[in-house]
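Asks: The structure follows.
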Amino acid sequence: ENLEGPELLVCIRNQDETEFRNFIVWLEDQKIRHYKIEDRGNLRNIPSSGWPKSFEQYLQDVNCPFTVEERQESVDWLLGLAVRLEYGDNVEKYKNCPPATATETEKPSDPLIHLDSSNPDFKAGVLGLASLLKIQRHDDYLVMLKAIRILIQERLTPEAIAKASQSKEGLPVALDKHILGFDTGDATLNEAAQILRLLHIEDLRDLQTRINEAIVAVQAVIADPKTDHRLGKVGR
């Protein structure tokens with residue numbers, strides 16, 4: 001409770017690291033189970049300074065294409081492996097789930113399915129675009145290309161850029177007139193918490209507005225003329 005500045009930041013980072021290691025151990029214990037139980041000791045020794053080496057060896061043993069330095073990519077790959085193994089262990093449970101396929105009337109055509117994802121030039125181009133757009137790497141290059149396409153469509157089209165560039169005018173807010181409800185012990189943190197609370201309230205108001213609009217739209221569709229007060233009378 002008495003930590004401040006750099007000491008607090010180190011504590012938070014250490015906590016994040018501990019949670020990450022616990023997550024990897026849970027994946028191995030509960031889903032992947034590549035090691036025998038007696039061989040998981042090094043991976044389970046979370047406080048050990050040698051844990052990163054054990055994790056590196058684990059990635060090699062499960063044939064992960066990413067390294068310990070590529071943490072996000074390796075975690076994404078391990079999650080995919082866990083899902084595949086979970087399905088393999090419960091085929092009867094999952095095989096009857098209806099596939100999410102397009103209907104006959106839609107028949108979408110995806111030009112990406114005709115690309116040769118094993119072509120070295122294709123891989124180099126996708127990696128270059130992913131690095132430029134700061135998109136997380138994936139072992140499937142077609143998945144990365146789809147992510148690039150989505151980002152470009154949603155953020156880089158002329159319409160999206162024009163919308164993002166529109167400035168929003170707001171009213172000045174006096175923070176000292178808003179009660180936070182608790183005290184962090186630091187004036188700067190108190191102000192930051194007040195700002196976050198106000199932003200959260202604004203989001204809730206926007207959500208409520210959208211809900212009200214949806215309710216009105218539904219009522220306009222399903223309104224019963226016999227009980228619609230706007231008609232001025234009841235019945236015929």
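The values are calculated or read from the model by the stated rules, or taken from the named source; none is laboratory data. Keep in mind that what you see is a predicted model, and the values were worked out from it rather than measured. Heads up, the Cβs are rebuilt from the backbone with ideal geometry, glycines too, and the neighbour counts pull from every protein chain shown. Remember, those area values only see protein heavy atoms, side chains included, never the ligands or the DNA or RNA. Shrake-Rupley method; radii C 1.70, N 1.55, O 1.52, S 1.80 Å.
Asks: Take residue 146 and tell me if it is modelled with pLDDT of 80 or more and either at positive phi or assigned by the TED database to the domain that holds residue 63 (or both).
Replies: So residue 146 does not fit the description; no.
Asks: Name the one entry in 65, 98, 52, 108 that is at pLDDT 90 or above and assigned to a loop (DSSP other than H, G, I, E, B).
Replies: Selected residue: 65, the only one of 65, 98, 52, 108 that is at pLDDT 90 or above and assigned to a loop (DSSP other than H, G, I, E, B).
Asks: Please indicate, with yes or no, whether at least one residue in the stretch 131-139 is at pLDDT below 85 and hydroxyl-bearing (Ser, Thr, Tyr).
Replies: The answer is no; no qualifying residue exists.
Asks: Residue by residue through the stretch 15-49, note down the ones that are within 23 Å of residue 83 (Cβ to Cβ), open to solvent by less than 60 Å² (accessible area, probe 1.4 Å), without any contact (Cβ under 8 Å) to a residue 40 or more places away in the chain and in a helix (DSSP H, G or I).
Replies: Within the stretch 15-49, 21, 25, 28, 29, 43 meet the criteria.
Asks: So which residues in the stretch 50-83 are in contact with a His (Cβ under 8 Å, 6 or more places away or on another chain) and open to solvent by 40 Å² or more (accessible area, probe 1.4 Å)?
Replies: Of everything in the stretch 50-83, those that are in contact with a His (Cβ under 8 Å, 6 or more places away or on another chain) and open to solvent by 40 Å² or more (accessible area, probe 1.4 Å) turn out to be 61, 76.
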